[in-house]
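The values are calculated or read from the model by the stated rules, or taken from the named source; none is laboratory data. Just so it is clear, the structure is predicted and the values come from calculations on it, not from any experiment. A quick note on method: Cβ atoms are made from the backbone with ideal geometry, for glycine too, and the neighbour counts reach across all protein chains shown.
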Amino acid sequence: MGRGNFLHNTYERVSHFEEVAEFISHQVLEIKCDIETQKLSSDTDYACHLVFKLSQKCRGLQCPVKVQDLLHRKNKEFQYIYFRSPRFVYLQGNGRVPKYREDRLIEVIVSEFNSGNNDHVSMSLKLRCYEGNMSGLIVYGIEFRPI
């Protein structure tokens, strides 16, 4: 994970994630990666799951967070995700709520894509909080699973 507004390796490793980082304080989180499609089933729809925990000092994570796909800017659509489950959910089909996993981590779908028949798939997402700065988001990694 990148440098800057993160504390590195301050939390115990869980599951298969090699590095853990806490988001200290910022309004935007960017996720960029190239996915080698030979590790995926061809022409299959996948979901990208952000795997995380919330520290007891977390702030700015109550409201929905806007997710934009920076590689497809012509497509002005965006999604909303939640890092905490809202009490009342009015989503109109484009909001994603977190789910608890067996390993005591939390995950939320941040993007979906089709693996196609190319050598790789690029992803560049911007997550923006409108409640102020986000802090206390402990990121374990991302996982790709078929839908």
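When region 120-147 is limited to residues that are aromatic (Phe, Trp, Tyr) and part of a strand (DSSP E or B), the one that is surrounded by the most Cβ atoms within 10 Å (Cβ to Cβ) turns out to be Tyr140.
Looking across region 85-102, the residues that are at pLDDT 90 or above and either assigned to a loop (DSSP other than H, G, I, E, B) or aliphatic (A, V, I, L, M) (or both) come down to Val97, Pro98, Arg101, Glu102. Contact map, region 132-143: residues that are at positive phi paired with residues that are part of a loop (DSSP other than H, G, I, E, B) and buried (at least 18 other Cβ atoms within 10 Å of the Cβ), Cβ distance under 8 Å, separation 6+ or inter-chain. Pairs shown: Gly132/Gly60; Gly136/Leu61.
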